[in-house]
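Here's the structure, in structure tokens; my notes come after.
We did not get these values from a lab; they are worked out from the coordinates using the rules stated. Since we're looking at a predicted model, the values are computed, not measured. Using ideal geometry, Cβ is built from the backbone for each residue, glycine included, and neighbour counts are taken over all protein chains shown.
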Amino acid sequence: TLSFSGDQEIYLLTGSGKIIKRLTSMRGSDLSPTWSPDGKKFAFVSNRSGSAQIYIQDVASGKARRLTYEGNYNTQPSWSPLGDKIAFASQGADGRHNINVIDVESQEQLQLTQEAGDNEGPSWSPDGSLIVFSSNREGPSRLYVMTAFGTDQRRLLAMKGEQTNPKWSMNDFTN
Amino acid sequence: MFVVPGLMFSVGCQKKMVDATPEPVVKEEEPVKEEPKEEPVVVTPTYKTPDIVMQEDIYYDFDKSTLTPAAQDNLLRKAEWLRENPAATATIEGHCDERGTNEYNLALGDRRAESAKAFLADLGIDAARLTTISYGEERPVCPQQSEECWAKNRRSHFIVN
């Protein structure tokens, strides 16, 4: 997201930071883009409807459609490498954030964390079977990992200070 | 008997001639002051130290970067100070309360700082004098989880350079 035009918009850049084109132009902030695995679409957060919601936009046509309709604060989308689901942080009526997963086609939504503080910043493993995220369920924000269905949630590590916004590397280190 | 009213008439009409020239005002002589010895001229900085008005934060509603009437009033006074101190520049920090996700709050803090800057620019302050930065939810002034504290954290803070 860049805001030099006066509004926060999403841009397509080269690896060295040169702007190829501007992707969004609606009034309202557009941020946190995440690529689809085939690189043809991206999901992002926009408050163009009045609240923070997740949209999917096609790069070629520029057409966007809204993905989330439940809750009024849905942010930090991460597109699964398998292409079918998007994980994101959703704020509930109790004010807490929880990791939710939504099916891209059917828009069926599933809440993966509950009653465990604030859970934010989800990121998929390269094979789409695990999700890493940050949670303050024990006090300071730490990194946790769970399966794509929300089971087996466990803390990954605890360092000084707070840990947030993890991103799973797509590199395969086993070769 | 006919003559008498005529006489009275003429007396009644006679205008008095008034001397309208102003009397000269007598000025009291001021005591002669002794000229002070000439002191060496000291060049002072071209702006006064930041007034209280620049130190006051402005506040925002939840998930909003729009300026409340109270914020606008405060910015009007800040604009006055900036006009009177044309050499001064300022950094506007945008902050959020801790409830949102920190990525989203970085963007919200940016919008808050930018909305304050745009308001000042519209009042005629050169935008080149103002820089903005967002700290998102990372630097709260109040740590408790209460609406009272959260309201204090949703702010723009000005630093005069």
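Numerical summary
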read-out	value
For the range A:8-134: relative contact order, % (alpha-carbon pairs under 8 angstrom, 6 or more apart)	15 percent
Amide H contacts under 5 Å for residue A:104, placed H, 5+ residues apart	A:85, A:86
Sequence-distant residues sharing a close amide H with residue A:73 (under 5 Å, placed H)	A:91
Residue order, fewest to most beta carbons within 10 Å, for B:56, B:137	B:56, B:137
Filter on A:18/B:117; A:21/A:41; A:41/A:85 - keep pairs with C-alpha separation over 19 Å	A:18/B:117
The range A:26-42 - phi-based ³J(HN,Hα) in whole Hz, Karplus 6.51/-1.76/1.60, Gly and Pro as x	6, 5, x, 7, 10, 8, 6, x, 9, 6, 6, x, 8, x, 9, 10, 8
Environment charge of residue A:26, counting only residues whose C-beta is closer than 11 Å and scoring Lys/Arg +1, Asp/Glu -1	-1
Formal net charge of residues neighbouring residue B:62 (Cβ-Cβ distance under 14 Å; K, R +1; D, E -1)	0
Efficiency of FRET between residue A:72 and residue B:51 - r from beta-carbon atoms, R0 35 angstrom, step 0.05	0.30
Taking A:21, A:160, A:41, B:78 and counting other C-beta atoms within 10 Å, the order from fewest to most	A:160, A:21, A:41, B:78
³J(HN,Hα), Karplus 6.51/-1.76/1.60, whole Hz, each residue of the range B:113-129, x for Gly, Pro	5, 5, 5, 5, 5, 4, 4, 5, 5, 5, 7, x, 6, 4, 4, 5, 7
Debye log10 I(q)/I(0) for the range B:52-160, one point scatterer per Cα, at q = 0.23 Å⁻¹	-1.21
For residue B:105, net neighbour charge (Lys/Arg +1, Asp/Glu -1) across residues whose Cβ lies under 9 Å away	-4
Contact order normalised by residue count of the range B:111-161, Cα under 8 Å, 6+ apart, percent	33 percent
Gain on full stretching of the segment that runs from residue A:40 to residue A:147 - 0.36 nm per residue minus C-alpha separation	35.9 nm
Whole-Hz ³J(HN,Hα) from phi, Karplus 6.51 cos²θ - 1.76 cosθ + 1.60, for the range A:46-57, glycine and proline x	9, 9, 4, 8, x, 9, 6, 9, 9, 10, 10, 10
Ranked B:101, A:14, criterion: other C-beta atoms within 10 Å, fewest first	A:14, B:101
Tensor-based shape of the range A:44-119 (alpha-carbon gyration tensor, a/c under 1.5 rounded, otherwise prolate or oblate)	oblate
Range in chain A, longest, excluding exposed chymotrypsin sites (Phe, Trp or Tyr not before Pro) [loop by DSSP; at most 15 other beta-carbon atoms within 10 Å]	A:70-148
